[in-house]
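> Take this structure first; my questions come after.
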Ligand SMILES: Nc1ncnc2c1ncn2[C@@H]1O[C@H](COP(=O)(O)OP(=O)(O)OP(=O)(O)O)[C@@H](O)[C@H]1O
Ligand SMILES: [Mg+2]
């Protein structure tokens, strides 16, 4: 269970970042008073455009970033006060986490397995299962630096699941994957959901949100613009497709900002 309660995250910008962003403001409010709950046995999808705040929300949930305001509980543990316990129960995947280029997927899997306190037999059993499922065996002993981006993504996925976490936090999990592997990943997420795990993902792919997610939260400029099942969102926006609903909300929201 993930309970986000009035989360606000403000980044302070360095002079260099201010120049790059061509702004005079030295702060960015990436997430603005956002509350949501993701329950066991469901896949919650955070859908939003580039820069909406998806990665920021997920990094806060994963206890890697400290909220500026509000709080987050993961299986009852506070992400600031109890980050150790939070990290034990979560599997976190993001594009920014890089596996060490010198080592092989097999080595990295073992390394993270031991870090989570698994014994060698348990690691072996998990490796067999996950490497087989994601088709990693063919390149499990190659150096990470020799792998394609899709292969790296598959290896990162497997590594993030080594300890069979209860709560799965995946930032754009199908990023860079071909349709076969992407389907593999989304099918696996459904399997985890059906085992009763809590799954939260971010995406900007409408069909992924439509097909995969039990509930969708549309985030625009750090604000949760709407939340619900696909059917609920379509009804409330009087649209027939998620893409249309998204544009409706986007228009409304950018008007509010003007
Ligand atoms: N470390 C940081 N320092 C300063 N600003 C940041 C930092 N990380 C993100 N931001 C800003 O916060 C806002 C939200 O960024 P975030 O990465 O959470 O968006 P996102 O929804 O994940 O976007 P994308 O779809 O491109 O991955 C953006 O304006 C971004 O420029
Ligand atoms: Mg992101």
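The values are calculated or read from the model by the stated rules, or taken from the named source; none is laboratory data. Keep in mind it's a predicted model, so treat the numbers as computed, not measured. Cβ: placed from backbone, ideal geometry, glycine included. Neighbour counts: every protein chain shown.
> Need the failing condition index for residue 192 against (1) free of Cβ contacts under 8 Å to residues at least 60 places away in the same chain; (2) within 16 Å of ligand 1 (Cβ to nearest atom); (3) under 16 Å from the mean Cα position of the chain (by Cα), just the number.
The number of the failed condition is (2).
Here is a yes/no grid of residues against (1) at pLDDT 95 or above; (2) more than 16 Å from ligand 1 (Cβ to nearest atom); (3) surrounded by fewer than 19 Cβ atoms within 10 Å (Cβ to Cβ); (4) under 13 Å from the mean Cα position of the chain (by Cα):
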position	(1), (2), (3), (4)
38	yes, yes, no, yes
51	no, no, yes, no
54	yes, no, no, yes
61	yes, no, no, yes
67	yes, no, no, no
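> Quick check on my filter: what residues within segment 123-144 are closer than 20 Å to residue 92 by Cβ and part of a helix (DSSP H, G or I)?
Within segment 123-144, 123, 126, 127, 129, 130, 131, 133, 144 meet the criteria.
> What are the residue pairs meeting all of these: first residue in segment 47-76, first residue farther than 15 Å from residue 30 by Cα and without any contact (Cβ under 8 Å) to a residue 40 or more places away in the chain, second residue in a loop (DSSP other than H, G, I, E, B) and away from ligand 2 (no atom under 13 Å from the Cβ), Cβ atoms under 6 Å, and 6 or more apart or on different chains?
63/79
> Next question. Looking at segment 155-189 only, could you name the residues that are within 16 Å of ligand 1 (Cβ to nearest atom), in contact with a strand residue (DSSP E or B) (Cβ under 8 Å, 6 or more places away or on another chain) and assigned to a loop (DSSP other than H, G, I, E, B)?
172, 173, 174
> Just to be sure, is residue 81 closer than 27 Å to residue 176 by Cα, out of contact with any strand residue (DSSP E or B) (no Cβ under 7 Å at 6 or more places or on another chain) and free of Cβ contacts under 8 Å to residues at least 40 places away in the same chain?
no
> I would also like to ask the following. Based on what the data block shows, is residue 45 within 16 Å of ligand 2 (Cβ to nearest atom), modelled with pLDDT under 95, within 20 Å of the chain's Cα centre (by Cα) and closer than 25 Å to residue 215 by Cα?
Considered against the rule, which asks whether it is within 16 Å of ligand 2 (Cβ to nearest atom), modelled with pLDDT under 95, within 20 Å of the chain's Cα centre (by Cα) and closer than 25 Å to residue 215 by Cα, residue 45 comes out as no.
> For segment 2-36, how many residues meet the condition of being buried (at least 16 other Cβ atoms within 10 Å of the Cβ) and within 26 Å of residue 75 (Cβ to Cβ)?
Going through segment 2-36 one residue at a time, the tally reaches 11.
> Counting only residues that are within 13 Å of ligand 2 (Cβ to nearest atom) and assigned to a loop (DSSP other than H, G, I, E, B), which one in segment 65-97 is farthest from residue 204 (Cα to Cα)?
Checking each candidate, the answer is 65.
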